[in-house]
Amino acid sequence: MTSQRTRERLIQRLVDEGIRDQRVLDVMRTTPRHLFLDEAMAHRAYEDVALPIGYQQTLSQPYIVARMTELLLERGVPQRVLEIGTGSGYQTAVLAQLVPEIYSVERIKPLLQRARQRLRQLKLRNVQVSHADGALGWPERGPFDGILAAAAPQRIPEALLEQLAPGGRLVIPVGEETQFLHVVDRSAEGFETTVVEPVRFVPLRPGTVR
């Protein structure tokens, strides 16, 4: 279930699907994805599929985790990264091994509590988490050199654009029935948006859940 051979098969699949950043592949090879799932689902941890984690949320498909991380790192390693949607904590754990500081926001408190425990178990100490509305970001900790969102708004929240530092990059799925992954780069002139590929994410919902 969690053998090195099983993990290597997943990594080879990511390479076959076009993931090129060796740093991302190395971290995903060694990060124990099965720890981020309930026991009943753990046997599927190294399949390249999204899996349920409760509360109508999912653990993102490994390809999408790798692709979004690769895009975030494409122009250099960001110092401070904001993650919207901690979820299981898997994407958080991948990021925490690649960038110096992670600030992660989750609206569903029980998911956040579980994620915090898993991150502690893996001794990832460069992560701060907050139970808050993801669309509002984390203004007290901004601005951020990178922002990565694991839920799709109908349009990019203004608060996230405001919290993106000059030279920073936002990677976010956008849309309802049809969603596309967007990359937004901020320069002195303003924002430049690139539409990357179709994706499927849970919607970015307002408010918090206890």
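The values are calculated or read from the model by the stated rules, or taken from the named source; none is laboratory data. What you are looking at is a predicted structure, and each value in this text was computed from that prediction instead of being measured. Positions of Cβ are generated from backbone atoms using ideal geometry, with glycine treated the same way; all protein chains shown enter the neighbour counts. Side chains included, ligands, DNA and RNA excluded: accessible areas come from the protein's heavy atoms. Shrake-Rupley method; radii C 1.70, N 1.55, O 1.52, S 1.80 Å.
Quick notes on this structure:
- Residue pairs whose Cβ atoms lie under 8 Å apart, separated by 6 or more positions or on different chains, with the first residue in region 117-142 and on the phi > 0 side of the Ramachandran plot and the second assigned to a loop (DSSP other than H, G, I, E, B), are 137/157; 137/163.
- The condition of being aliphatic (A, V, I, L, M), assigned to a strand (DSSP E or B), buried (at least 16 other Cβ atoms within 10 Å of the Cβ) and at pLDDT 95 or above holds for only one of 124, 112, 148, that being 148.
- Residue check, residue 92 in a helix (DSSP H, G or I), under 14 Å from the mean Cα position of the chain (by Cα), surrounded by 13 or more Cβ atoms within 10 Å (Cβ to Cβ) and without any contact (Cβ under 8 Å) to a residue 40 or more places away in the chain: yes
- One residue from 157, 206, 166 being touching a residue at least 12 places away in the same chain (Cβ under 8 Å) and either more than 22 Å from residue 107 (Cα to Cα) or of a type in the set (Ser, Thr, Tyr) (or both): 166
- Flag for residue 118 being assigned to a helix (DSSP H, G or I), open to solvent by less than 60 Å² (accessible area, probe 1.4 Å), basic (Lys, Arg) and more than 28 Å from residue 142 (Cα to Cα): no
- Taken over region 186-208, the residue count meeting the criterion of being open to solvent by less than 70 Å² (accessible area, probe 1.4 Å), in contact with a Pro (Cβ under 8 Å, 6 or more places away or on another chain) and either part of a loop (DSSP other than H, G, I, E, B) or over 23 Å from residue 65 (Cβ atoms) (or both) is 4.
- For the residues 59, 37, 98, the requirement of being open to solvent by 10 Å² or more (accessible area, probe 1.4 Å), at pLDDT below 95 and not acidic (Asp, Glu) singles out 37.
- Considering 169, 141, the condition of being buried (at least 16 other Cβ atoms within 10 Å of the Cβ) and among the basic types (Lys, Arg) is satisfied by 169 alone.
- Once region 73-89 is narrowed to residues that are among the hydrophobic types (A, V, I, L, M, F, W, C) and crowded, with 24+ Cβ neighbours inside 10 Å, the residue that is nearest to residue 25 (Cα to Cα) is 81.
- The listed residues are 171, 202, and the only one of them that is closer than 22 Å to residue 136 by Cβ and modelled with pLDDT under 95 turns out to be 202.
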